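Right, one structure below, let's go through it.
The values are calculated or read from the model by the stated rules, or taken from the named source; none is laboratory data. Please read all numbers here as calculations on a predicted model, not as lab measurements. A quick note on method: Cβ atoms are made from the backbone with ideal geometry, for glycine too, and the neighbour counts reach across all protein chains shown.
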């Protein structure tokens, strides 16, 4: 429907197209108040006001076009002109807001990891490409895992007999699996590999946590450390079973008894010459911002006198953001291994480790809480 109104201040007419909802309201009002077509109304200055349908030009919506306080024979006073103006004003505002919005198929963001922050990219193409890469990633990792998992199962009895705590053979197979999986999709640049302790030297490793890809990236370092992982991951086929064969330590979140048991197992492994790996933030960062560190890992290092090895991971959160594990964006990963930190105070170890990781992240453009 189209509404024709007259503005006395400018002595002109103005057309207002009505949305479908108001069109239905107008047609319904036409049926309720005007069963017989009426001629246009004439005013004192000979101007005509008419509300008509584009498909039914003879129908008139009486309750909209009547003047306020103007009585016609056989009808009550109509006072709907203010309602019409309100409808028209609201529709004009909605139209302006719609025009001012950015098109949904264009996004200005650096999440695509394919250019600068101010670049424009078609959103559907980015999502389709990322989803396709994600499907290929899981297909490759599953295919590789099937063969290497069989090798891990076959070698596991010998590992338990001769290398029960470090499990170097299992970690070597895991390194092959991670390297073959990520090689077709992104490159890893390492810095500070000389800071890694010897293979048989126990240590506590800590790192920032951005993505599911952090595990794959860290496995390529070739060190036999035991990860701390939530118990639900162990239920995943092949991946969860492989984590069990690697000696990964389970942890139930929000369970104080499970946390204490986890720390006891970590201390027992370190005493027997193994290394453990903690993500002190406790969970993955949604936007790459470095969160606060929990002190469990540093308590283990302080009590046993072993070094803390801080590691900074850069880029994994952009390639596979937390909560978007089905997508894989193009990009590269950088791993920075910092010098060992020794100390007897857990607070000192925690602050120093977080500071060295935060310094690198700030230089790379990340935020730190």
Tell me which residues, restricted to the range 207-222, are within 23 Å of residue 267 (Cα to Cα), more than 23 Å from the chain's Cα centre (by Cα) and either at pLDDT 90 or above or not assigned by TED's automatic domain parsing to the domain that holds residue 261 (or both). 219, 221
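On the basis of being touching a helix residue (DSSP H, G or I) at 6+ places or on another chain (Cβ under 8 Å), farther than 18 Å from residue 336 by Cβ and assigned to a helix (DSSP H, G or I), does residue 228 make the cut? Steps first, please.
Details: touching a helix residue (DSSP H, G or I) at 6+ places or on another chain (Cβ under 8 Å): yes; farther than 18 Å from residue 336 by Cβ: yes; assigned to a helix (DSSP H, G or I): no.
Spelling it out, it is not the case that residue 228 is touching a helix residue (DSSP H, G or I) at 6+ places or on another chain (Cβ under 8 Å), farther than 18 Å from residue 336 by Cβ and assigned to a helix (DSSP H, G or I).
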Just one of (1) within 26 Å of residue 187 (Cα to Cα); (2) surrounded by 19 or more Cβ atoms within 10 Å (Cβ to Cβ); (3) touching a helix residue (DSSP H, G or I) at 6+ places or on another chain (Cβ under 6 Å); (4) modelled with pLDDT of 95 or more trips up residue 308, so point out which. (1)
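Okay, residues lined up against (1) more than 15 Å from residue 278 (Cα to Cα); (2) in contact (Cβ under 8 Å) with a residue 12 or more places away in the chain; (3) part of a strand (DSSP E or B); (4) under 24 Å from the mean Cα position of the chain (by Cα):
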position: 311; (1), (2), (3), (4): no, yes, yes, yes
position: 321; (1), (2), (3), (4): yes, yes, no, yes
position: 330; (1), (2), (3), (4): yes, yes, no, yes
position: 335; (1), (2), (3), (4): yes, yes, yes, yes
position: 343; (1), (2), (3), (4): yes, yes, no, no
position: 349; (1), (2), (3), (4): no, yes, no, no
position: 353; (1), (2), (3), (4): no, yes, no, no
position: 356; (1), (2), (3), (4): yes, yes, no, no
position: 365; (1), (2), (3), (4): yes, no, no, yes
